[in-house]
1. Criterion first (in contact with a strand residue (DSSP E or B) (Cβ under 9 Å, 6 or more places away or on another chain) and at pLDDT below 95) does residue 23 satisfy it?
2. May I ask you to list pairs of residues, at least six apart or on different chains, whose Cβ atoms are under 6 Å apart, with the first in the stretch 128-157 being in contact (Cβ under 8 Å) with a residue 60 or more places away in the chain and the second being among the acidic types (Asp, Glu)?
3. Which members of the stretch 65-106 meet the condition of being free of Cβ contacts under 8 Å to residues at least 24 places away in the same chain and under 16 Å from residue 41 (Cβ atoms)?
4. Restricting attention to the stretch 47-62, does a residue exist that is touching a helix residue (DSSP H, G or I) at 6+ places or on another chain (Cβ under 6 Å) and either in a helix (DSSP H, G or I) or surrounded by fewer than 18 Cβ atoms within 10 Å (Cβ to Cβ) (or both)?
Amino acid sequence: MFEAEIKQSEAQTVAYLPMRGAYSQTPEGYGQLYGWIAQHGLTPAGMPAAVYLTMPPETPESEALWELWAPIAGDAAEQEPNAAGVGVRHVPSTTVASTMHIGPYETVAPTYDALWAWLAAQGYRPAGPPMEVYYSDPATVAPEDYVTEIRIPVAAV
């Protein structure tokens, strides 16, 4: 059964790592991102996310652009990606359409399709790139039990 809602995301400070190419780089990318956070004495403060700057079904994976985000505590200064490729950004609260996906990442496409249709039927249009917030650790949870929140920034039509 499909359920979705319009809600406000929380403002947050994130360490982020721009990515290009195959999505299979994600685990290594998070290792790099969280390693950078630890090296700089920062504290993770929330669930990791990925922001898709190109749409997976419309862009060949070899040309995909996305960012990995790790929320951090405190008010670290913003910075562009450094030599390690990691930056810090303050992300404002945003109105988003949100739904939960349970299962492997490879089966998320129908959930996106349902959310796109739902937000249009509710009188909203996309107002930014989609995001996935990851509530499960793939190292400890079976793929069929992964919990992923899909968020799409929206504006009223």
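The values are calculated or read from the model by the stated rules, or taken from the named source; none is laboratory data. The model shown is predicted, which means the values in this text are computed figures rather than measured ones. FYI the Cβ positions are ideal-geometry reconstructions off the backbone, even for glycines, and counts take in every protein chain you see.
1. So residue 23 fits the description; yes.
2. 133/149
3. Result: 77, 79, 82.
4. No, every residue in the stretch 47-62 fails to be touching a helix residue (DSSP H, G or I) at 6+ places or on another chain (Cβ under 6 Å) and either in a helix (DSSP H, G or I) or surrounded by fewer than 18 Cβ atoms within 10 Å (Cβ to Cβ) (or both).
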